[in-house]
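Let me begin by presenting the structure, written as structure tokens, before commenting on it.
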Amino acid sequence: MNQRFGIRVLALGVMAECGYLRFMKGNVIREIRSEEIPLLNDFLYEAIFIPEGVPAPPRSIIENEDLRVYVRDFGKKADDRCLVAEVEGKVIGAVWTRMMNDYGHIADGIPSLAISLYKEYRHKGIGTDLLREMLQLLRRDGYPQVSLSVQKANYAFRMYLKAGFEVLKETEEEYLMVCKL
């Protein structure tokens, strides 16, 4: 947990352009387009877990170096992968992975994952669909595992368990999780 700000970021990532497109429950899940990469700043902010009763931090928090690692120069590294969810032509969520030394880092060669949706699209199964598609993509690309970090109080923890993630390490406030692909 980032003690300075009292918040936690979900795991994050982008993908090479290979024409990935899937329709899920009337929504489109597809690779991010290069011109959409700046949206990852929005989703980085949305990924910040804010416990009930705690005021949201200022948007400028995403300029903190601990958070910039998730999005800085995204798409320029060979291991960057990103899928977005689109509803009625609007990108409303993203899941991304990359090799980085972040909160969810477990080992070199294992990407860390981050995922978030705009608030009004949460609890509708879209995040689950995004996560499932990213895990399939990583399997296809030959990655053995993917990791993330999540606060214990975050409702997304249950989604990760259902998707096949296991707790690798536990602290007082968070879980370090891994999914074997």
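The values are calculated or read from the model by the stated rules, or taken from the named source; none is laboratory data. The structure displayed is predicted, hence computed values, not measured ones. Cβ coordinates were reconstructed from backbone atoms using ideal geometry, including for glycine residues, and neighbour counts include every protein chain displayed.
Here are the numbers:
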quantity	calculated
Qualifying residue in the range 153-160 (condition: assigned to a strand (DSSP E or B), touching a strand residue (DSSP E or B) at 6+ places or on another chain (Cβ under 8 Å) and closer than 25 Å to residue 74 by Cα)	no
Residues within the range 1-47 that are in contact with a Ser or Thr (Cβ under 9 Å, 6 or more places away or on another chain), β-branched (Val, Ile, Thr) and either part of a loop (DSSP other than H, G, I, E, B) or at pLDDT 95 or above (or both), tallied	1
Residue under evaluation residue 104, criteria (1) crowded, with 24+ Cβ neighbours inside 10 Å; (2) modelled with pLDDT of 95 or more; (3) not acidic (Asp, Glu), criterion not met	(2)
Check on residue 84, of a type outside the set (Phe, Trp, Tyr), touching a Gly at 6+ places or on another chain (Cβ under 9 Å) and under 24 Å from residue 35 (Cα atoms)	yes
Members of the range 92-101 that are in a loop (DSSP other than H, G, I, E, B) and either modelled with pLDDT of 95 or more or closer than 11 Å to residue 40 by Cα (or both)	99
